[in-house]
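Inspection log for the structure reproduced underneath, given as structure tokens.
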């Protein structure tokens with residue numbers, strides 16, 4: 001399961017994002033025209049409906065998704 005780190009300005013902290021779940025949610029809204037770039041230099045770029053998003057936060061915002069719903073949290077015991 002791929003994860004990505006991104007700094008969220010609204011939360012003022014770095015969050016871990018479950019990329020697979022986010023892309024699945026966007027795919028449900030945008031249809032089949034969602035492509036995550038696989039090259040190393042463009043690892044966080046996603047194209048959806050002809051628009052490029054350079055951060056997962058921007059992608060979530062464009063589709064009115066709350067990025068915190070895709071945040072991965074760790075619980076220490």
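Read-outs throughout are calculated quantities, based only on the coordinates presented, and are distinct from any laboratory measurement. If you're wondering where the values come from, they're calculated on a predicted model, not measured in any experiment. Virtual Cβ from ideal backbone geometry, glycine too; neighbours counted across all protein chains shown.
Computed quantities for the displayed model
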read-out: For peptides 59-69, 23-33, sequence by mean Cβ density within 10 Å, most packed first; value: 59-69, 23-33
read-out: Fully extended contour minus Cα-Cα distance, from residue 24 to residue 39, at 0.36 nm per residue; value: 3.4 nm
